[in-house]
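The structure under discussion appears below in the form of structure tokens.
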Amino acid sequence: MSKETDSWIQATDVIPMFPTLVWKVSFKPELRDAIDEKVMATLQRLRRDVPILEPGQGWQSEQTLHEREELQDLVSCVANLAKSILRFLRIGPEAFEITGCWATVLAKGATHKVHSHPNNFLSGVYYVRTQPGSDTINFHDPRSQPRVIRPPVVELTAENTDQVVVRVTNGTLLIFPSYLEHSVDTNMSAGERVSISFNIMFTSFTEQLSKPLW
Ligand SMILES: [Fe+2]
């Protein structure tokens, strides 16, 4: 606070409002390794007839991986975390379900453009294979008004940025609101970036109102 205001203000407070929450969880190495083995074996089977990715290319699996027996360890971790998050948000009691689960593989040079996951409440990504150069995800400011006027800033801070870059590693699980737009920068590493995405929605909505979109 400057000298001018010091002279007449008794107390100040900055009140955060309408926070956008992203949960970041790191799995214990034993669990991470067990899931890793099952996911990679599943992907190997699914990609058996898929040509090896060229630089700049990406591949996505079918959206029903959550129904596969091999992925039940990961599915139950995601479901448990979603349950805790809904409790934290004081939402419920409301039955929910995983409405979609798919793998994304990005070869060197591949990107994933800005998108969100309509007709879902929570979305998640679990990271199976990342390396320096392919270990981040960008989240974009969901508020529309700040985009109207973006004055120059002397330093990017959490308070003035329109994008937050989250660093991830193998065994990281992120859960975030499905409306929150996100993107992945170009894979600058030599290896493939492998992740498993999830969508979560209230059962009543999926039965009575609308099917989730991807
Ligand atoms: Fe996504």
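The values are calculated or read from the model by the stated rules, or taken from the named source; none is laboratory data. Fair warning: this is a prediction, and the values are worked out from it, not measured in the lab. Note that we place each Cβ from the backbone using ideal geometry, even for glycine, and neighbour counts take in every protein chain shown.
Among the conditions (1) under 25 Å from Met17 (Cβ atoms); (2) more than 12 Å from the ligand (Cβ to nearest atom); (3) in a loop (DSSP other than H, G, I, E, B); (4) in contact (Cβ under 8 Å) with a residue 40 or more places away in the chain, Val166 misses just one, which is (3).
Sort through Ser195, Ser134 and tell me the only one that's within 16 Å of the ligand (Cβ to nearest atom), modelled with pLDDT of 95 or more and within 12 Å of the chain's Cα centre (by Cα). Step through it out loud before you land on a result.
Details: Ser134 fails: within 12 Å of the chain's Cα centre (by Cα).
Among Ser195, Ser134, only Ser195 is within 16 Å of the ligand (Cβ to nearest atom), modelled with pLDDT of 95 or more and within 12 Å of the chain's Cα centre (by Cα).
As a summary of the residue check, Gln60 satisfies the conditions (1) under 17 Å from Phe198 (Cα atoms); (2) surrounded by fewer than 14 Cβ atoms within 10 Å (Cβ to Cβ); (3) more than 16 Å from the ligand (Cβ to nearest atom) except for the one numbered (3). When Ser76 is tested against the conditions (1) within 16 Å of the ligand (Cβ to nearest atom); (2) without any contact (Cβ under 8 Å) to a residue 40 or more places away in the chain, the lone failure is (1). Among the residues of region 108-123, those that are more than 13 Å from the ligand (Cβ to nearest atom) and either within 11 Å of the chain's Cα centre (by Cα) or of a type in the set (Gly, Ala, Ser) (or both) comprise Gly109, Ala110. Mind listing just one residue for me: the one in region 93-107 that is small (Gly, Ala, Ser) and more than 13 Å from the ligand (Cβ to nearest atom) and, of those, modelled with the lowest pLDDT? Looking at the filtered set, the residue picked out is Ala95.
Looking only at residues that are over 19 Å from Ser134 (Cα atoms) and assigned to a strand (DSSP E or B) in region 176-192, which one is farthest from the ligand (Cβ to nearest atom)? Among those residues, the one meeting the criterion is Pro177. Within region 174-198, the set of residues being in contact with a helix residue (DSSP H, G or I) (Cβ under 9 Å, 6 or more places away or on another chain) and more than 28 Å from Ile52 (Cβ to Cβ) comprises just one member, Ile175.
A residue that is modelled with pLDDT of 95 or more, touching a strand residue (DSSP E or B) at 6+ places or on another chain (Cβ under 7 Å), surrounded by 18 or more Cβ atoms within 10 Å (Cβ to Cβ) and in a strand (DSSP E or B) occurs nowhere in region 67-89. Among the residues of region 116-141, those that are part of a loop (DSSP other than H, G, I, E, B), in contact (Cβ under 8 Å) with a residue 60 or more places away in the chain and crowded, with 19+ Cβ neighbours inside 10 Å comprise His117, Asn120, Phe121, Thr130. Scanning region 90-115 for residues that are surrounded by fewer than 17 Cβ atoms within 10 Å (Cβ to Cβ) and closer than 21 Å to Trp59 by Cβ yields Gly109, Thr111, Lys113, Val114, His115.
When Lys38, Lys28 are checked against the criterion of being more than 17 Å from the chain's Cα centre (by Cα) and crowded, with 16+ Cβ neighbours inside 10 Å, Lys38 stands alone in meeting it.
Matching residues to (1) among the polar types (S, T, N, Q); (2) out of contact with any Pro (no Cβ under 8 Å at 6 or more places or on another chain); (3) farther than 21 Å from Asp135 by Cβ:
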residue: Ile52; (1), (2), (3): no, yes, yes
residue: Gly56; (1), (2), (3): no, yes, no
residue: Trp102; (1), (2), (3): no, yes, no
residue: Gly109; (1), (2), (3): no, no, no
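Would region 142-161 turn up any residue that is within 15 Å of the ligand (Cβ to nearest atom), in a strand (DSSP E or B) and within 19 Å of the chain's Cα centre (by Cα)?
Step one: of region 142-161, the residues within 15 Å of the ligand (Cβ to nearest atom) are 142.
If we keep only those that are in a strand (DSSP E or B) as well, we get none.
No, region 142-161 has no match at all.
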